[in-house]
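Below you'll find the structure, written out as structure tokens, and then a few comments.
The values are calculated or read from the model by the stated rules, or taken from the named source; none is laboratory data. Since the structure is predicted, the reported quantities are computational estimates derived from the model, not experimental observations. Positions of Cβ are backbone-derived with ideal geometry, glycine not excepted, and every protein chain shown enters the neighbour counts.
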Amino acid sequence: MWAGQGVASGGGYIDVITVAGTVGVMRASRALTRAGPDNAVCVLCREFSGAPPLYAPNLGSQISAQDGVSSTSPALGCFVEGYLLNSPREHVISTASLPPALLAAYLERLHAVRQVVENAYGPTCMFEHGMSPGCSSGGCIDHAHMHIVPATDVVATALLAASSFSPVHSWESLADRSDAAYLLISLPGEEGYRWAAPPLALQSQHLRRVVAGALGVEDYDWAVASFLDTIVSTNNRLAPALRAAYEQLAPA
């Protein structure tokens, strides 16, 4: 079980955590990663409100920092230290689906979180499996979440080769096709993004597989290999800086 500061409804943080969890619960709960009516079974929406994760109730909250716009936590299946997920608090299935009024505030927080990771671990890549109602785009959880991963040149090269990516000239242009699924990446040193339409036959966790393979990690699947020790070390190192970064941002 994780031990640490709890997260109350509306926000909160974990300062220091320890863990002795079970992978069996996570493996058995993959079916719970889709939201039902009123988002009642969305695992991320539940966590944002302070409930324990449906996929691993014995772990307690994973949230390192959050406010009314976004939430940040170590990735479940954290196969490299410093690997974070950043999610909008509003339930949308892709970043491009965010209402325009929230998009700028969310991106401001995303960039601040990326900077925290880079200050601690060096260059990063980001990626998203942008879903649409008819296509998961390789994602497992139908609530938008951006992956932020410390990256070597090998990782960046592998991501770039994973599909035929084109520059995102504006988020508005990506939003114009928000009814369609997409893959999204941002490479080290890039402030912008590249997108690609996913192939018809796309494996689950496609870009996670690519990154894990580039790092020589066989266990890419978060539902099988949670890397709990790395979750702990990531959170313990980054949570104070993440909290400080959120506190410096203007309320949305």
_Of the residues SER71, SER87, SER61, only one is among the polar types (S, T, N, Q) and outside any strand (DSSP E or B); which?_
SER61
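Can you pull out every residue in the stretch 186-244 that is basic (Lys, Arg) and closer than 30 Å to GLU172 by Cβ?
ARG194, ARG208
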*Filter the stretch 242-252 down to residues that are of a type in the set (A, V, I, L, M, F, W, C) and in a helix (DSSP H, G or I) and give me whichever is surrounded by the fewest Cβ atoms within 10 Å (Cβ to Cβ).*
ALA244
*In this structure, is PRO57 modelled with pLDDT under 85 and over 28 Å from ALA104 (Cα atoms)?*
yes
*asked:* Looking at the stretch 189-220 only, could you name the residues that are within 17 Å of the chain's Cα centre (by Cα) and surrounded by fewer than 19 Cβ atoms within 10 Å (Cβ to Cβ)?
replied: SER204, ARG209
_When the residues of the stretch 208-241 are narrowed to those that are charged (D, E, K, R) and either touching a residue at least 40 places away in the same chain (Cβ under 8 Å) or assigned to a loop (DSSP other than H, G, I, E, B) (or both), which ends up farthest from GLN66 (Cα to Cα)?_
GLU218
_Filter the stretch 183-211 down to the residues that are touching a Gly at 6+ places or on another chain (Cβ under 9 Å) and at pLDDT 85 or above and list them by number._
LEU183, LEU184, SER186, PRO188, TRP195, LEU207, ARG208, ARG209
